[in-house]
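What follows is a set of notes on a single structure, which appears directly below.
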Amino acid sequence: MLPPLVGVLLLVSGALKVVRRSLRAQAARSALPRLLKDPNRAVWVLRGTGVAELAVGIGLLTAVPAAAVGGALLGAAFLAYLVAGRAVAPESSCGCTASDSAPIGWHAFARAGAVAAGAGVGALAGDPWWTAFAERPGVSSAMLLAGGAGLAWLAAAPEHQWRVPLRRLRIRLFGHPLATGAAGTPVAASVELLERSLAWETVAPIIRSGLLEHWEEDGWRILHYAGARRVGDAERPVSVLFALDARATRDGLTERVIRVGVVDRETEEVLTPELVAAPGA
């Protein structure tokens with residue numbers, strides 16, 4: 001009963017990649033720009049992967065024989081990409097679900113392995129999955145529920161948004177257990193506000209990591225990310241710094257002013273917008 005579950009997983013993941021409006025920002029956080037050496041190409045690869053996932057997912061649900069083979073190859077390709085991404089840009093996310101931002105870890109490998117194994121089972125099976133369900137509905141239903149719970153957990157990145165409403169309710173009732181600083185606003189709330197802002201979208205093509213460090217100064221919360229800008233055929237490492245009100249949240253009423261600074265790591269030069277967006281960047 002794994003093929004239909006993998007099909008649903010691929011349909012959800014593929015749909016997010018195809019229709020998501022902030023896919024460029026998600027691609028910038030992934031390892032793809034470093035591997036492809038082109039942020040624009042990374043967006044097209046991510047969207048093309050989503051189209052392939054949709055096609056394979058539909059094929060697995062309808063028991064198309066070629067779809068099972070394609071799903072197994074797709075899962076193997078995911079594993080190869082994760083190995084390469086982990087080696088080249090370990091601080092970057094994988095971009096697998098177009099919503100995760102955590103660095104590549106065992107969670108991503110387990111998800112890719114489940115896709116390869118589940119589709120491989122479908123390739124070896126002789127009959128459509130609904131035939132086995134009709135013969136043993138009770139056992140098949142239990143397997144679908146257990147497998148569905150496991151794949152749902154794998155499909156959700158550790159910081160997935162379905163947890164956000166529960167977290168907000170807990171914070172409102174009991175306060176945040178990890179809140180720091182005079183403002184008491186969790187860093188995760190600042191990061192969520194930042195990643196939905198125009199400031200983030202503007203410099204997303206040069207960002208190459210998740211949040212590296214943060215600190216507060218004079219009421220501002222400073223968020224530090226690693227990045228790279230193209231200079232000719234090479235990339236120069238930069239630090240991307242965002243400053244925002246330490247009290248601001250996505251749902252808050254405070255003024256959402258966000259300042260951005262880009263610093264060359266080698267020369268410690270503060271770059272102007274013209275240098276950041278130089279030809280080839």
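The values are calculated or read from the model by the stated rules, or taken from the named source; none is laboratory data. Computed from a predicted structure; not experimentally measured. Neighbour counts are summed over all protein chains in view; Cβ atoms, including those assigned to glycine, are modelled from backbone coordinates with ideal geometry. Areas reflect the complete protein model, heavy atoms only, side chains present, ligands, DNA and RNA absent. Shrake-Rupley method; radii C 1.70, N 1.55, O 1.52, S 1.80 Å.
Could you please let me know if Gly105 is more than 26 Å from Leu211 (Cα to Cα) and either at pLDDT below 85 or crowded, with 20+ Cβ neighbours inside 10 Å (or both)? Answer is no for this residue.
Within segment 119-140, the only residue that satisfies the criterion of being under 26 Å from the mean Cα position of the chain (by Cα) and either at pLDDT below 70 or closer than 22 Å to Leu46 by Cβ (or both) is Ala119. Out of Ala72, Ala55, Ala27, one residue alone is of a type outside the set (Phe, Trp, Tyr) and more than 29 Å from Leu124 (Cβ to Cβ). It is Ala27. Screening segment 185-195 for residues that are over 14 Å from the mean Cα position of the chain (by Cα) and not hydrophobic (A, V, I, L, M, F, W, C) and picking the one that is modelled with the highest pLDDT gives Ser190.
Yes/no matrix, rows are residues, columns are (1) under 30 Å from Ser239 (Cβ atoms); (2) of a type in the set (Ser, Thr, Tyr); (3) outside any loop (DSSP other than H, G, I, E, B); (4) at pLDDT below 70:
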position: Ala142; (1), (2), (3), (4): no, no, yes, no
position: Glu159; (1), (2), (3), (4): yes, no, no, yes
position: Gly181; (1), (2), (3), (4): yes, no, no, yes
position: Thr202; (1), (2), (3), (4): yes, yes, yes, no
position: Glu216; (1), (2), (3), (4): yes, no, yes, no
position: Arg221; (1), (2), (3), (4): yes, no, yes, no
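A quick yes/no check of all residues on (1) open to solvent by 40 Å² or more (accessible area, probe 1.4 Å); (2) closer than 27 Å to Ser209 by Cβ; (3) touching a Phe, Trp or Tyr at 6+ places or on another chain (Cβ under 8 Å):
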residue: Val8; (1), (2), (3): yes, no, no
residue: Leu46; (1), (2), (3): no, yes, no
residue: Ala55; (1), (2), (3): yes, no, no
residue: Ala63; (1), (2), (3): no, no, yes
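Taken as a whole, the structure places Gly85 among residues that are surrounded by 22 or more Cβ atoms within 10 Å (Cβ to Cβ), under 17 Å from Ala228 (Cα atoms) and modelled with pLDDT of 85 or more.
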